[in-house]
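All of the numbers you see were taken from the coordinates with simple rules; none came from a lab. Please read these numbers as outputs of a predicted model, since none were measured by experiment. So basically every Cβ, Gly included, is an ideal-geometry build from the backbone, and we count neighbours across all protein chains shown.
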Amino acid sequence: MEIKGPILFEAYPSLKKKIPWMPLLTNLPTSVDRLTELEKELNLKNGEIYIKRDDKNHHIYGGNKLRKFEFIFAEAMRKKKKGMITLGGIGTNHGIACAIVARELGLKCYLFLSHQPLTWHVQRSLLLYDYFGAKLHLSKSFEVGILKSLFFRLFHPNYYLMSIGGTPLFGIGTSLGSIGFINAMFELKKQIDQNIIPEPDVIFVAGGSTGTGAGLIAGCKLLGLTIDVKIVNVSKDIIVNNSAVMKNANKAIKYMRKYDKTIPDISITSDDFEIVQGYVGSDYGVKTHRAQKAVDLITELEAKNKNFKLETTYTGKTMAAMIDFLKEKENKSKKVLFWNTYNSNDLDKYLKETQFDYKKLPTKFHKFYEDTSFQCWQIVGCPKELREKCPAFLNHEYRFWKVSECSLDSEKIKKAKEELTQVIELEDA
Ligand SMILES: Cc1ncc(COP(=O)(O)O)c(C=O)c1O
């Protein structure tokens, strides 16, 4: 059976033999759902809210990563690399995706991880890297992590070094990840043309390394769409800023134009997008009240029924920004699309298999389990039978005191709730 290439190659066939690409995603095009309950909640006047379901684009790990990896891993394979090196925080979703795809392709995977606020999400990610066969290195800071990975690469020339989030950092690194999202915008355009979704006025997307947003912005301009793309900064200002987004978007366009001069010679300027500030909190990865509130609201109104999840590092903060935008009187009739970048497939089943044995991780990582015990079932010591039936068990966003059928006595719950809210350190940002 002939494998259909990415939609971008249909538009620009001369890219086919030039730009590396391999099929990884198993469910394309991703669907677009309408969030009618949220529309009602926000009392919109002719406004419409949609969600692009990239969370379901792969049977193991959905989200934004594999759209980038179809191009980046293809380059690694073309260069006959034996493994991948990449970096991020200790809870990096990018690292999970890299480990999964590397394993699928028979490549080794080395992750250089640096500190971020500790949550169950982080603890879970560490166990998942190990489950999917990645080798882990811990660094004191992001900067040290960069140096360590560069040093490692020096002695392992057969490995492909993928920058943080698969996006150029300070202009260094491949543009192929963003090209994955130019391709995604071509997919959306086709859905607009097929009347699956009206052309949105605004797109909201999380900005971590900016590769996703930069690709969407470049895609809009190439297609002549005047959609206002808003990148919500959930990371560090030195990474998410106007100059970085312009640089990353323009580098991707230039890369494509090198192989096909019919591609319009356009340039992205700061007028083509907006970076939304004020939602990150004091640092990358901290839980904020606003993000948690947005996650709770969407879970109740939409996510439970439509089977997707938000989390508080990326998509919760982005959703909080979108909700605030739609509360403004002048935005009540806007058509808005939330680009869902977070996986919604179940990963906990893999951890159940391994019984959460963190001792299999390198010793340096044990402190992330031993110094803290802030999972609800650990605090209240609930019995295994009860725990495994509880919808809050292993769910890093859903608090067990909201489970109405919880049979623990209320004093215990009250005490654990106090302890948990203290440890999680919700910020007011
Ligand atoms: C769930 C999720 N959303 C969004 C992003 C940010 O994407 P980008 O790094 O392309 O800005 C990430 C990055 O890790 C992520 O894990």
Just add up the charged neighbours of LYS236: K/R +1, D/E -1, any other residue whose Cβ is under 12 Å from the Cβ of LYS236. -3
What spacing in nm lies between the two simple spin-label points modelled at VAL144 and ASN27, each 7 Å away from Cα in the Cβ direction? 4.0
Can you pull the percent of Cα pairs in segment 24-100 with separation above 15 Å? 66
Can you run phi through the Karplus equation (6.51, -1.76, 1.60; θ = phi - 60°) for segment 269-285 and list ³J(HN,Hα) in whole Hz, with x for Gly and Pro? 10, 5, 6, 8, 7, 9, 9, 8, 9, x, 10, 6, x, 6, 6, 3, x
Which net charge results when you count Lys and Arg as +1 and Asp and Glu as -1 among the other residues whose beta-carbon is under 11 Å from that of GLY63? +3
Which aspartates and glutamates have a Cα lying under 20 Å from the Cα of LYS80, excluding residues fewer than 8 positions away in the same chain? GLU70, GLU104
Which of rounded, prolate, oblate describes segment 65-166, given a ≥ b ≥ c as roots of the alpha-carbon gyration tensor eigenvalues and a/c under 1.5 marking rounded, otherwise prolate only if a/b is larger than b/c? oblate
Once the dipole of the chain is set up with Lys and Arg at +1 and Asp and Glu at -1 on Cβ about the Cα centre, which of PRO13, PRO29, PHE325 lies farthest towards its positive end? PRO13
Just want the ordering: TYR110, TYR358, TYR342, from fewest to most Cβ atoms lying within 10 Å of their own Cβ. TYR358, TYR342, TYR110
Report the gain in length on full extension from ILE192 to LYS80: 0.36 nm times residue separation, minus Cα-Cα distance, nm rounded to one decimal. 36.5 nm
Within segment 65-159: Cβ-based charge dipole about Cα centre, in debye rounded to nearest 20 (Lys, Arg +1; Asp, Glu -1): 300
Note down the relative contact order for the chain as a percent, whole number, built from C-alpha pairs under 8 angstrom at least six residues apart. 19
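Which of the helices in the chain meet the span-like rule: DSSP H, Cα axial reach of 15 Å or more, Kyte-Doolittle mean at least -0.5?
Membrane-span-like by this criterion, though nothing is claimed about a membrane: 65-78, 93-105, 120-131, 142-155, 176-193, 211-223, 315-327.
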How much net charge surrounds PHE112 when only the other residues with a Cβ under 13 Å from the Cβ of PHE112 are counted, with Lys and Arg +1 and Asp and Glu -1? +4
Dipole axis of the chain (+1 Lys, Arg; -1 Asp, Glu on Cβ), positive-most option in ASN158, LEU111, LEU138: ASN158
Given pairs LYS81/LYS258; LYS40/LYS304; LYS287/LYS360; LYS189/LYS304; LYS287/LYS364 and cut-off 26 Å on Cα-Cα distance, the over-length ones are LYS287/LYS360; LYS189/LYS304
Subtracting the Cα-Cα distance of LYS17 and TYR358 from 0.36 nm times their residue separation yields 118.3 nm
Distance in nm between pseudo-label sites at LEU154 and ASP260 (7 Å out along the Cβ direction from Cα): 4.0
Gyration tensor verdict on the chain (Cα atoms; rounded if a/c is under 1.5, prolate if a/b is larger than b/c, oblate otherwise): oblate
